[in-house]
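Read through the structure below, which is laid out as structure tokens, and then see the notes.
The values are calculated or read from the model by the stated rules, or taken from the named source; none is laboratory data. Since we're looking at a predicted model, the values are computed, not measured. Every residue, glycine among them, receives a Cβ derived from its backbone with ideal geometry; neighbour counts consider all protein chains shown. Accessible surface is based on the protein model in full, side chains and every heavy atom, while ligands, DNA and RNA are left aside. Shrake-Rupley method; radii C 1.70, N 1.55, O 1.52, S 1.80 Å.
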Amino acid sequence: MSPFPSSADSEGRAYRNASPGLRFFLTASLALALMFLDHRGIYLAQVRAYLGAAMYPLQIAIDSPSAGLGWVRENLALRATLQAENAALRSQALSNRAELQRMAALQAENARFRALLDSKTRVPNRVVVAEILAVDMDPLRHRVILNKGGREGASEGQALIDALGVVGQITRDQGDSAEAILITDPDHAVPIEVVRNGLRTIAVGTGDLERLSLPFLTRNADIKAGDLLVTSGLGGTFPPGYPVGTVTAVDGSSGDAFLEIAARPAANLDRLHEVLLVFLQEGSAATPGLEPAPVLASPPVETATPSPAIETPTVVNPTPNADTPPEAMVEPAPVTVPEPQEAQEAQEVQEVQEVQEVQEVQE
Amino acid sequence: MRAPRWPVWLLLLLALAAELLPLPVAMQPLRPAWTTMVVIYWALMWPGRFGVFSAFLVGLCVDVAHGSLLGQHALSLSLLAYLVVRLHLQLRVFPLWQLTLSVFALMFIEAFVLLWIDGATGRAEFGPGRWGPVVAAALLWPALMAAMDRVRERLERRDSSFA
């Protein structure tokens, strides 16, 4: 009955039920249906999350040699090496703290200026560390697996950064793990602005870990090699102000209406082990302190204090020269606070919000 | 007594793991397509036990592991298994170099199906990452075949259904 002459090991049993042609027809139809559903993003999101979770043990197993190597290196390190490392880290922490002091003062100052300019105050974001499993995914796409998932609060669309810049965002939450896309993936785009002049555009991945492309700038755009690009915060996925990369080449020779601009990602994308999940602070996108609109120079206490309070509780005490910045921060705050009627203030706040929303739309 | 099936799936799992093992960025385009090779091998040698349906299941696992479109590798691998099962009697009598060339051609077809689907969903890309695995796999095929033959012969010796 079978369409094939039988060979020693495919005797009878194999083709009893269906010919390979029929089987292929069945599987191909099923595969096409699955692809259609998955591409449209209907029905299958939950299924994929479960399948991804089922794959997690295998990924852990693959990651275990390099994780084990790290453990061995940590545990068999010489005392002298550890001491040297410790000393280096300590001095680095010290210089970081010194930077932070300045930063706290600058932040307060910035909040005041922003208040004067009648614009929103930026709230610092909360971050959580996640590890990247040493697992290679599809070579044509830049995806990674993180060891934190929805159970630790990670969610789809959440931004990832490392110590140097923006890394990517989470595409799929799988409970204990999550799949993320890097900014260099050809499917990814991140809204950016040029620090030098505030020029806004979009950086698209190229499939090359060392290169981003800025395809949407016209020939008269003011951009040149060496410009630093940071997230603009438009679109709401990435918090504003994190470095994305630096422009490496601007090419206008093609005769096209648009420039060909290449940029180099700021983050160390080919050597990632740990990333930070950024949690956008409640209200940072919508309604931070807006009070100061009608007043001349009264930074409200609320906007000035939270940043140092959250960021630098340890900084203020140990170092003797930390005295000035916090005071400078707190002092001017209460000076000219007028005492308007609460109801009117609330109304004003609302109006200001509306005005600001309109401004943003116009921008 | 029939030989157990689990070694087949164990080898496939190892192949899948080998595809996910971390490599330096420069070497990633040259990573052989292990799963595809192992699927070809079993479809070629045991077409009665490892056919289109099994390849489909393997393809689903690859899709999940790679994070690609669900069904993409399932389709390409079941097409591959179909071709190999159809042609297994001819392929088996080829001398090794001819068989290697045929495997190269089959894997090229498989890669082309993947490219096609990528193109339909707007992700077509002609990097070295697309064809490198095919070339590397073809170069490694004789070695893989020799190693797998040992496993298979050991399994068949315990199996009365192989005369």
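Of the residues making up segment B:20-51, those that are at the interface with chain A (Cβ under 8 Å from one of its Cβ atoms) and either within 12 Å of the chain's Cα centre (by Cα) or farther than 24 Å from A:R141 by Cβ (or both) are B:M45, B:W46, B:P47, B:G48, B:R49, B:G51.
Within segment A:19-75, being open to solvent by 60 Å² or more (accessible area, probe 1.4 Å) and outside any helix (DSSP H, G or I) holds for A:I42, A:Y43. Regarding A:E85, is this residue surrounded by fewer than 12 Cβ atoms within 10 Å (Cβ to Cβ) and either acidic (D, E) or in contact (Cβ under 8 Å) with a residue 12 or more places away in the chain (or both)? Yes; evaluated as a whole, the condition is true for this residue. Inspect segment A:169-182 for any residue being within 16 Å of the chain's Cα centre (by Cα), open to solvent by 50 Å² or more (accessible area, probe 1.4 Å) and either within 16 Å of A:A263 (Cα to Cα) or modelled with pLDDT of 90 or more (or both) and give the result as yes or no. No, segment A:169-182 contains no residue that is within 16 Å of the chain's Cα centre (by Cα), open to solvent by 50 Å² or more (accessible area, probe 1.4 Å) and either within 16 Å of A:A263 (Cα to Cα) or modelled with pLDDT of 90 or more (or both). Only residues that are within 12 Å of another protein chain (Cβ to nearest Cβ) and of a type in the set (D, E) were counted in segment A:131-183, giving 3. Identification of helices (runs of 4 or more DSSP H) wholly contained in segment B:51-163 with 1 or more residues that are within 30 Å of A:V144 (Cβ to Cβ), of a type in the set (D, E, K, R) and in contact with a helix residue (DSSP H, G or I) (Cβ under 8 Å, 6 or more places away or on another chain) yields B:52-66, B:96-120, B:128-157. Among the residues making up segment B:61-79, those that are closer than 20 Å to A:G52 by Cα and facing another protein chain (nearest Cβ under 8 Å) are B:C61, B:V64, B:A65, B:H66, B:G67, B:S68, B:L69, B:L70, B:G71, B:Q72, B:A74, B:L75.
Scanning segment A:185-240 for residues that are part of a loop (DSSP other than H, G, I, E, B), free of Cβ contacts under 8 Å to residues at least 60 places away in the same chain and of a type in the set (A, V, I, L, M) turns up A:V195, A:L199, A:L214, A:L217, A:A221, A:I223, A:A225, A:L234.
Count, please, the residues in segment A:242-265 that happen to be open to solvent by less than 30 Å² (accessible area, probe 1.4 Å) and of a type in the set (G, A, S). Residues meeting the conditions: 4.
Residues that are touching a Phe, Trp or Tyr at 6+ places or on another chain (Cβ under 8 Å), among the aliphatic types (A, V, I, L, M) and modelled with pLDDT of 85 or more are absent from segment A:43-65.
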